[in-house]
Amino acid sequence: MSDLLSVRDLRVDYETPAGPARAVNGVSFDLARGEFLAIVGESGCGKSTMLFAIAQLLAYPASQVGGTVIFDGVDLTTLTPEELRRHRWRDFSVVMQSAMNALNPTMSIGAQLADVCRAHTDWDDAHIAQRCAEVLAMVSIDPAHLKSYPFQLSGGMRQRAMIAMALLLEPKLVIMDEPTSALDVVAQRSLMRQVQTLREQLGFSVLFVTHDMSVVSHFSDRLAVMYAGEVMELGSTRAVFDSPQHPYSHGLMDAFPSLLGAPRALTGIAGNPPSLVNPPEGCLFAPRCTQVMDDCRTLHPELIDDDGRSVRCHLIHPVVRR
Amino acid sequence: MTESILSVAGLSRFFRVGGFRSRGILHATDEVTFEVGAGEIVALVGESGSGKSTIARVLAGLYPPSAGSITFEGQPIGRRSSRRVRGRMPMVFQDPFGSINPVLRVGHSLERSLKLHRSDLNASARHEEAISLVERVGLTPGAEVLRRFPHELSGGQRQRLGFAQALASRPSLILADEPVSMLDVSIRIGLLNVMKDLRDREGVSLLYITHDLASARYVADRMIVLYAGRIVEEGLTEEVISSPQHPYTRLLMSTAPDPRLPLSDDASVTDLGEPPKVINPGPGCRFAPRCPLAMDQCRASTPAPVSLSPTQRVACYAVTA
């Protein structure tokens, strides 16, 4: 079976007074059916912009300047707004970062769920009511809350209600943009558990963006590390965690303290991400890299795949000179 | 613990909620008692709604306490604490984008703090002191940083500036309210190191307020775990981490995401992380509705903290029975 989603050479620019800033720079990856791919990186690395580009939700000053997004055999970048509308919610849905802002505060949860059904299906009212109650129960919310307004729910419940809405029409792909970042740790873990269970039951794929890689460490199949609009490393989650190859992935792993083992001093990653308007020549991470070489400052490394593990680094894949 | 510089006894802060005729009283913090020693980092750990920020705000004089007493450097703190007291106990806020005046240069804001709190310095000494302050929190070169506007600094740099501003008044205790939670994971550690440096080099105490157990472990000497406005457990950091006693502390430990740990299979599976009821709470332990060990006694009255060791205390009937 072919991949559900194939992103090829995706490029997104933001228009700025100083010229175009390349927020997503030639990102390519495939997502299999039922797969959970996590994308991690610092703020400003282009991870959310990339999700928006995939869902075709970019708005000025951002615009896609190249690349294709093949979803289930269709190139989303060529569709008209009306054709896209038919795919949204039915085939893929997006869970936004902050459920507090994504839900309409003046409508009950039930009315908002029903809205999605009315816009995208021809179900009758009884069927809609039944399906809405069903999806709320799926995310452990009492269907009595169909009549509740967002302010009556806790942050965790609102976020779960958003996920329920995303699952209403049983899409093949659910795109999640930092859905856990506003939640407490216990609620965060519980939400990740539920996403995992639902994915096993319903078989949808997940594209999950976060800046905190420890959140996805136990849940994603594969992990992509993004930096300054490029994928720096891509591989199975376990492999990337156990033996990070790119110095940037290394730095990210070493950036969060642990509850395990003896306490030890950590350093984090020094410096700031590069300017995207005038990116440095060579590797974009070179100015902050602890293992930088001469080649890194002049030659831009390519993402090279080695048996399912891709790394963009001269250290791992040295420059070959003819 | 060395001599204590802050001691809080029976501190409560209630808020009336709801409409005009509402009888709802929100117990944000309830009978909280703890001490902070000189040159010590104490972490107040809890989820949203645990009352950790309310404690900091009462200490900073932003809210008056509903009950209880606060003694700071040997003096009781009343409703009108002086500028001197506030200077000795400044606060660093959570949001580095909202807590710095965006239209003034960094140097202006910092020298203004110095002017208010350090009247012994003249203009050139203030400038020298401002340079030294930003360099002490790792912003170099200091003179250049002072000329910048806040928007030219990243979130991590701004939060360092927050600490520089707190240092301006030569504090003995800094109240740090979630100083890293809005920063990227990769730059949090740098700021945590700044906090450790301040303790080690300047001898400042810090009250570090956080929901992140792992970062509390990284910086803090002692740890106080709050749930629904009450202290459920406290002790030396390693003591609490290596043998958490309260069921809530254990729940927090098991849900803290850590790629180095295998995924735990316990309460976190069923616990949805719903926040506690703190409006007109009943007489019992507030964790009882979520607690796997809850007994009848837990619903009838609130357990008092019991010492398990000279340093570790826990408030739980099931553990201390």
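When only residues in the stretch B:260-270 that are facing chain A (nearest Cβ under 7 Å) and surrounded by fewer than 19 Cβ atoms within 10 Å (Cβ to Cβ) count, which is modelled with the lowest pLDDT?
So the residue we want is B:269.
Kindly provide the set of residues from the stretch A:1-53 that are assigned to a loop (DSSP other than H, G, I, E, B) and among the hydrophobic types (A, V, I, L, M, F, W, C), ordered by number.
A:1, A:4, A:18, A:32, A:45 - these are the residues of the stretch A:1-53 that are assigned to a loop (DSSP other than H, G, I, E, B) and among the hydrophobic types (A, V, I, L, M, F, W, C).
Name the pairs whose Cβ atoms lie under 6 Å apart, with the first residue in the stretch A:38-57 and away from chain B (no Cβ under 14 Å) and in contact (Cβ under 8 Å) with a residue 12 or more places away in the chain, the second of a type in the set (A, V, I, L, M) and assigned to a helix (DSSP H, G or I), and 6 or more positions between them or separate chains?
A:56/A:76; A:56/A:84
For the stretch A:102-120, give me each residue that is touching a residue at least 12 places away in the same chain (Cβ under 8 Å), hydrophobic (A, V, I, L, M, F, W, C) and not in a loop (DSSP other than H, G, I, E, B).
Within the stretch A:102-120, A:102, A:109, A:113, A:114, A:116, A:117, A:119 qualify.
Would you kindly identify the strands (runs of 3 or more DSSP E) lying entirely within the stretch B:187-247 that contain at least 3 residues that are farther than 14 Å from residue B:36 by Cβ and within 13 Å of chain A (Cβ to nearest Cβ)?
Here the list reads B:222-227.
Looking at the stretch B:176-223, which of its residues are basic (Lys, Arg) and over 28 Å from residue A:216 (Cβ atoms)?
B:196, B:199, B:201, B:222
Just give me the residues in the stretch A:167-186 being within 14 Å of another protein chain (Cβ to nearest Cβ) and either touching a Gly at 6+ places or on another chain (Cβ under 8 Å) or farther than 30 Å from residue B:216 by Cβ (or both), in sequence order.
A:182, A:183, A:184, A:185, A:186
Would it be correct to say that residue A:97 is closer than 27 Å to residue B:47 by Cα and within 13 Å of chain B (Cβ to nearest Cβ)?
no
Among (1) of a type in the set (D, E, K, R); (2) surrounded by 17 or more Cβ atoms within 10 Å (Cβ to Cβ); (3) touching a residue at least 24 places away in the same chain (Cβ under 8 Å), there is one condition residue B:126 misses while meeting the rest; what is its number?
All conditions are met except number (3).
Just to check your reading of the model, which residue among A:205, A:181 is in contact with a helix residue (DSSP H, G or I) (Cβ under 9 Å, 6 or more places away or on another chain), within 20 Å of residue B:273 (Cβ to Cβ) and hydroxyl-bearing (Ser, Thr, Tyr)?
A:181
Can you name the condition, by its number, that residue A:82 falls short on among (1) surrounded by 19 or more Cβ atoms within 10 Å (Cβ to Cβ); (2) of a type in the set (Asp, Glu); (3) within 26 Å of residue A:14 (Cα to Cα)?
The one condition residue A:82 does not meet is (1).
Looking at B:166, B:176, B:130, can you tell me which residue is touching a strand residue (DSSP E or B) at 6+ places or on another chain (Cβ under 9 Å), more than 14 Å from chain A (Cβ to nearest Cβ) and either assigned to a helix (DSSP H, G or I) or β-branched (Val, Ile, Thr) (or both)?
B:166
Give the stretch A:121-149 a look and list any residue that's part of a loop (DSSP other than H, G, I, E, B) and under 22 Å from residue A:91 (Cβ atoms), or say none.
A:121, A:122, A:123, A:139 - these are the residues of the stretch A:121-149 that are part of a loop (DSSP other than H, G, I, E, B) and under 22 Å from residue A:91 (Cβ atoms).
Please determine, by comparing only the residues of the stretch B:136-155 that are free of Cβ contacts under 8 Å to residues at least 40 places away in the same chain and part of a helix (DSSP H, G or I), which one is surrounded by the most Cβ atoms within 10 Å (Cβ to Cβ).
B:145
Given the criteria at pLDDT below 90, surrounded by 14 or more Cβ atoms within 10 Å (Cβ to Cβ) and farther than 25 Å from residue A:169 by Cα, does residue A:98 qualify?
no
List, please: which pairs have Cβ atoms under 9 Å, are six or more places apart or on different chains, and start with a residue in the stretch A:272-289 that is farther than 21 Å from residue A:13 by Cβ and within 14 Å of chain B (Cβ to nearest Cβ) and end with one that is crowded, with 22+ Cβ neighbours inside 10 Å and aromatic (Phe, Trp, Tyr)?
Correct list of pairs: A:288/A:248; A:289/A:248.
Restricting the first residue to the stretch A:189-216 and requiring it to be among the basic types (Lys, Arg), which pairs with a second residue that is surrounded by fewer than 20 Cβ atoms within 10 Å (Cβ to Cβ) and at pLDDT 90 or above meet a Cβ separation below 8 Å and a spacing of at least six or different chains?
What qualifies is A:199/A:34.
Of the numbered conditions (1) touching a helix residue (DSSP H, G or I) at 6+ places or on another chain (Cβ under 6 Å); (2) surrounded by 20 or more Cβ atoms within 10 Å (Cβ to Cβ); (3) over 16 Å from residue B:212 (Cα atoms), residue A:189 fails exactly one; give the number of that condition.
Of the numbered conditions (1) touching a helix residue (DSSP H, G or I) at 6+ places or on another chain (Cβ under 6 Å); (2) surrounded by 20 or more Cβ atoms within 10 Å (Cβ to Cβ); (3) over 16 Å from residue B:212 (Cα atoms), the odd one out for residue A:189 is (3).
Taking residue A:157 and the conditions (1) without any contact (Cβ under 8 Å) to a residue 60 or more places away in the chain; (2) buried (at least 23 other Cβ atoms within 10 Å of the Cβ); (3) in contact with a helix residue (DSSP H, G or I) (Cβ under 7 Å, 6 or more places away or on another chain), which numbered condition does it fall short on, given that it satisfies the others?
(3)
For residue B:159, only one of the following conditions fails: (1) on the phi > 0 side of the Ramachandran plot; (2) within 14 Å of chain A (Cβ to nearest Cβ). What is its number?
Only one criterion is unmet by residue B:159, namely (1).
Just checking, how many residues over the stretch B:274-321 are among the polar types (S, T, N, Q) and part of a loop (DSSP other than H, G, I, E, B)?
Looking only at that region, the number is 6.
Tell me which residues, restricted to the stretch B:6-63, are part of a loop (DSSP other than H, G, I, E, B) and acidic (Asp, Glu).
If the condition is that a residue be part of a loop (DSSP other than H, G, I, E, B) and acidic (Asp, Glu), then B:40, B:47 are the ones that fit.
What single numbered condition from (1) within 16 Å of the chain's Cα centre (by Cα); (2) part of a strand (DSSP E or B); (3) small (Gly, Ala, Ser) fails to hold for residue B:68?
The number of the failed condition is (1).
Can you pull out the residues in the stretch A:175-219 that are small (Gly, Ala, Ser) and in contact with a Pro (Cβ under 7 Å, 6 or more places away or on another chain)?
Listed by number, the residues that qualify are A:214, A:217.
Here are some residues: A:260, A:223. Which one is surrounded by 21 or more Cβ atoms within 10 Å (Cβ to Cβ) and either within 14 Å of the chain's Cα centre (by Cα) or within 24 Å of residue B:192 (Cβ to Cβ) (or both)?
A:223
Restricting attention to the stretch A:68-93, which residues are touching a Leu at 6+ places or on another chain (Cβ under 6 Å) and aliphatic (A, V, I, L, M)?
Correct list: A:69 only.
Would it be correct to say that residue B:184 is free of Cβ contacts under 8 Å to residues at least 40 places away in the same chain, within 14 Å of another protein chain (Cβ to nearest Cβ) and buried (at least 21 other Cβ atoms within 10 Å of the Cβ)?
yes
The values are calculated or read from the model by the stated rules, or taken from the named source; none is laboratory data. The shown structure was predicted, so the numbers you read here are calculated from the model rather than taken from an experiment. As a convention, Cβ positions derive from the backbone with ideal geometry for all residues, glycine included, and neighbour counts pool all protein chains shown.
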